[in-house]
1. Calculate the translational D of the chain in whole µm² s⁻¹ from Stokes-Einstein, where the hydrodynamic radius comes from the Kirkwood formula applied to all Cα pairs, the temperature is 37 °C and the viscosity 0.692 mPa s.
2. Can you figure out the FRET efficiency of T15 with H55, using R₀ = 35 Å and their beta-carbon distance, to the nearest 0.05?
3. Using Cα positions and a limit of under 21 Å, work out the lysines in reach of K132, with same-chain residues fewer than 8 apart set aside.
4. Got a sec to turn the phi values of segment 113-122 into Karplus ³J(HN,Hα) couplings, 6.51 cos²θ - 1.76 cosθ + 1.60 with θ = phi - 60°, whole Hz, x for Gly and Pro?
5. Which value, in debye to the nearest 20, describes the size of the charge dipole of the chain about its Cα centre when Lys and Arg Cβ atoms bear +1, Asp and Glu Cβ atoms bear -1, and nothing else is charged?
6. Under 25 Å Cα to Cα from K109, which lysines show up? Leave out anything in the same chain fewer than 8 places away.
7. Once you have a ≥ b ≥ c as the square roots of the Cα gyration tensor eigenvalues for segment 240-299, tell me rounded if a/c is under 1.5, and otherwise prolate or oblate according to whether a/b is larger than b/c.
8. Listing R41, R107, R210, R260 from the residue with the fewest other Cβ atoms within 10 Å to the one with the most, what is the order?
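Please treat every number below as a calculation from the coordinates, not as lab data. As the structure is a prediction and not an experimental result, all values here were calculated from the model. Here the Cβ positions follow ideal geometry from the backbone for every residue, glycine too, while neighbour counts run over all protein chains shown.
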Amino acid sequence: MSLRDPRGDGVFSATFKYWSVAPAVLVLAALTVLPALALLRMSVSTITFSEGHEHWALTPARNFAALFTDPGLAATVVNTLLFVIVAVAIEMVVGLALALLVGGLARGKGLMRTLLIVPILVPPVAIGNMFKLMYNYDFGLFNQILGALGLPAVSWLGSTSLALWSIVLVDVWHWVPFVFLILFAAVEALPIDVMEAAHVDGANRWQMLRRIKLPLLMPAIVVALVFRAILAFKAFDEVYLLTGGGPGTSSELVSLHLYRVFFEQNQLGYGALLSVLTIVVVLSMLAAGRRVVVGAGAA
């Protein structure tokens, strides 16, 4: 029996592309598919521990009913939506403005790019501790500035009306460089001939921005927006380190609520269900972003 196909290539060559990636596919399946299936099983179960053993009971109705009886879930979802919308909107505007400004420099682009990406290189733990000191009521930098201006001190992290917005400020400082890097690369890739043609035709800066640059930058803007929305939706470090979700639940986000359900309330099944719903939201964001990017590219 011949091991060669009609084209003259051996079976080994014909199947090489499949078995060469098989190890990577198996590793990917072991690290993603199996844990995902375990999470799905957990999301419809109640898990208890006794005498060093775990006991699983299939209780899908009970887990879904917990969604409607969870006293802190509604406030958590509202806080998360406010956090994502406000933080990401500010980051997109500031990141785009910085990308356009730095992209328009004749000299010093490399230096400015290096300086602007410093915040994203700082570990989240260091950022949380740094801003917690700056927000301190007695000796924090912000209250010292207010005192120098003759204004009263503010409880930035202890006020139910300010705690969430104080975290938004930290998130903006931390993640604007991420948006800047994506959009700066897109600005640098803008076709020079189109810019020069528009300039020759008498277009002013506002017209070039609105009619040429923004449409050409739209795919990159959507990519940055989707990635930042997903990362903001999963934000945990800043909240945990700065306020712990307080005071009360005024700054508690979905990720921190998941942490409490899993590790403080020990509701593993219900926590897994919340995790699955979070994954569904993230995948929906990715799907919506992909459709917008494809539509922008086709346009």
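1. Diffusion coefficient, whole number: 141 µm²/s.
2. For T15 and H55, the calculated efficiency is 0.15.
3. Within reach: K234.
4. Values, residue by residue: 4, 5, 5, 6, 8, 4, x, 6, 8, 6 Hz.
5. So the dipole magnitude of the chain works out to roughly 740 debye.
6. K213
7. oblate
8. R107, R210, R41, R260
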